[in-house]
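Throughout, read-outs are computed from the coordinates displayed, never taken from laboratory work. The structure displayed is predicted, hence computed values, not measured ones. As a convention, Cβ positions derive from the backbone with ideal geometry for all residues, glycine included, and neighbour counts pool all protein chains shown.
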Amino acid sequence: MEACGSTHYWSRVIARSGDEVKAIAPQFLTPYRKGNKNDYNDAETIAESSQRENMRFVPLKLLEQQDIQMLHRIREISLKYSSIK
């Protein structure tokens with residue numbers, strides 16, 4: 001699948017059914033896209049690019065990893081806005 005904001009959630013849902021899940025960053029898909037970005041072309045692009053030997057995949061995160069990342073971002077934002085006062 002093409003990596004997006006909900007990739008990690010959906011990868012966990014799909015993996016529970018026993019399927020193998022791989023996510024590809026959008027910037028790695030662009031060279032393989034033919035024509036405009038639409039559902040059909042996206043599916044064709046993902047299918048073609050996933051077959052490439054040198055394709056790099058996004059490491060999928062566990063729920064706990066996403067929780068920790070969220071805490072770090074909240075701290076970063078709160079530090080940014082606390083220095084504005």
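Some observations on this one:
- Matching residues, segment 16-30, being in a helix (DSSP H, G or I) and touching a residue at least 12 places away in the same chain (Cβ under 8 Å): P26, F28, L29
- Within segment 31-42, considering residues that are surrounded by fewer than 14 Cβ atoms within 10 Å (Cβ to Cβ) and of a type in the set (K, R), the one nearest to the chain's Cα centre (by Cα): K37
- Looking only at segment 43-62, residues that are surrounded by 10 or more Cβ atoms within 10 Å (Cβ to Cβ) and closer than 24 Å to R16 by Cβ come to 9 in all.
- Among the candidates M70, M55, residue that is of a type in the set (A, V, I, L, M) and in a loop (DSSP other than H, G, I, E, B): M55
- Test result for T45, in contact with an Asp or Glu (Cβ under 9 Å, 6 or more places away or on another chain), assigned to a helix (DSSP H, G or I) and not small (G, A, S): yes
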